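Below you'll find the structure, written out as structure tokens, and then a few comments.
Throughout, read-outs are computed from the coordinates displayed, never taken from laboratory work. No experiment lies behind these values; they were computed from the predicted model shown.
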Amino acid sequence: MEELDRFENELIERYAQHPVLANIATLPEEDFAAVLLQRRFLSLAFTPAYDLAIDLLTDEEGLRIARVILREEYPDSRGMRSHREDMTADMYRLGVSREALVHTRPTRATKRAIDATFDLIADAGTHADADLRVLTILRFWGEILVSVEYGRLWERMEARFDPDGENVSRFYYPHHQHDAKNESLATTDLLATTHSDRLATRVLAHLGSGGAGAADAFREMEERSLRIKVDFYDQFLPALERVGARTGG
């Protein structure tokens with residue numbers, strides 16, 4: 001487990017150092033808005049991706065955790081805003097206009113990322129160790145990497161919000177916190193509080209009972225999940241290159 005934990009942490013650090021995420025503060029305002037607008041489409045695909053994963057899971061405890069996480073996206077039945085609505089409200093506070101929201105369409109790269117996500121989950125369901133593979137995807141693609149990228153985006157966003165007033169982030173910062181990996185795979189337990197650590201309890205169980213191939217399946221799912229995320233952010237590299245050209249960097 002320690003070896004797998006090191007492997008996972010290396011992938012997390014690689015993602016955090018993606019040039020676009022690591023240099024998000026240098027992007028012009030219109031390019032930063034473009035990142036948020038395209039990232040919104042990935043968020044809109046989050047719940048159907050979780051639904052697909054739930055359809056493919058047979059692990060009852062894993063199903064329970066996944067269902068709870070999915071239900072949290074829609075807090076209650078009394079008219080409270082969904083997480084997607086919270087995201088839109090945060091985007092407006094960050095200066096994204098309603099006109100831009102209305103007229104923006106997903107790019108080819110964004111569509112590929114969404115399609116690749118559904119393909120990854122569906123393919124995982126065809127394997128004998130489907131529970132391990134699907135739970136690994138949910139935890140890494142849907143929780144850990146989301147926390148990492150929102151943490152990077154928050155470096156630019158934080159000054160726009162007032163945590164002591166009414167102008168607080170209701171989407172980006174809360175997700176950075178409650179999706180994060182706070183415990184190692186070897187030490188996580190049923191008292192875990194974040195989404196990724198709660199899912200880790202079931203990933204750990206399947207790694208322990210899955211035989212010699214379990215570790216390889218775990219690595220494969222995490223590497224493929226990371227590739228989808230990296231390919232999505234690669235589409236914004238030209239914007240970063242334009243900044244470098246203007247500044248002589």
**Request:** Express the C-alpha Rg of the stretch 1-66 as a ratio against the empirical globular expectation 2.2 N^0.38 Å, rounded to two decimals.
**Result:** 1.57
**Fill in**
Which of [x] 53, 48, 33; [y] 49, 43, 36; [z] 56, 42, 37 gives Cα extents along the principal axes in Å as computed here? It is [x]
**Prompt:** Given that compact globular proteins tend to follow 2.2 N^0.38 Å, what is the ratio of the alpha-carbon Rg of the stretch 108-249 to that value?
**Reply:** 1.23
**Prompt:** For the stretch 65-144, what D do you get in µm² per second when you plug the Kirkwood radius from alpha-carbon pairs into Stokes-Einstein at 25 °C and 0.890 mPa s?
**Reply:** 160 µm²/s
**Message:** Could you tell me the center-to-center distance, by alpha carbons, between the stretch 211-243 and the stretch 129-198 in angstrom?
**Reply:** 17 Å
**Message:** Running a GNM on the chain with Cα contacts under 10 Å, which residue among His103, His18, His178 ends up with the highest mean-square fluctuation?
**Reply:** His103
**Message:** Quick check: convex hull over the Cα atoms of the stretch 1-126, volume per residue in Å³, rounded to an integer?
**Reply:** 154 Å³
**Request:** Output ³J(HN,Hα) for the stretch 3-15: one whole-Hz value per residue in order, computed from phi by the Karplus curve 6.51 cos²θ - 1.76 cosθ + 1.60 with θ = phi - 60°, and x for Gly and Pro.
**Result:** 5, 5, 5, 5, 4, 4, 5, 5, 5, 4, 5, 4, 5
**Separation between Cα centres of the stretch 85-124 and the stretch 1-21, rounded to whole Å** = 24 Å
**Prompt:** Highest GNM mean-square fluctuation, the chain, Cα pairs closer than 10 Å: which of Ser184, Ser97, Ser196?
**Reply:** Ser97
**Message:** Using a Gaussian network model on the chain with a 10 Å cutoff between Cα atoms, which of Lys111, Lys229, Lys181 fluctuates the most?
**Reply:** Lys111
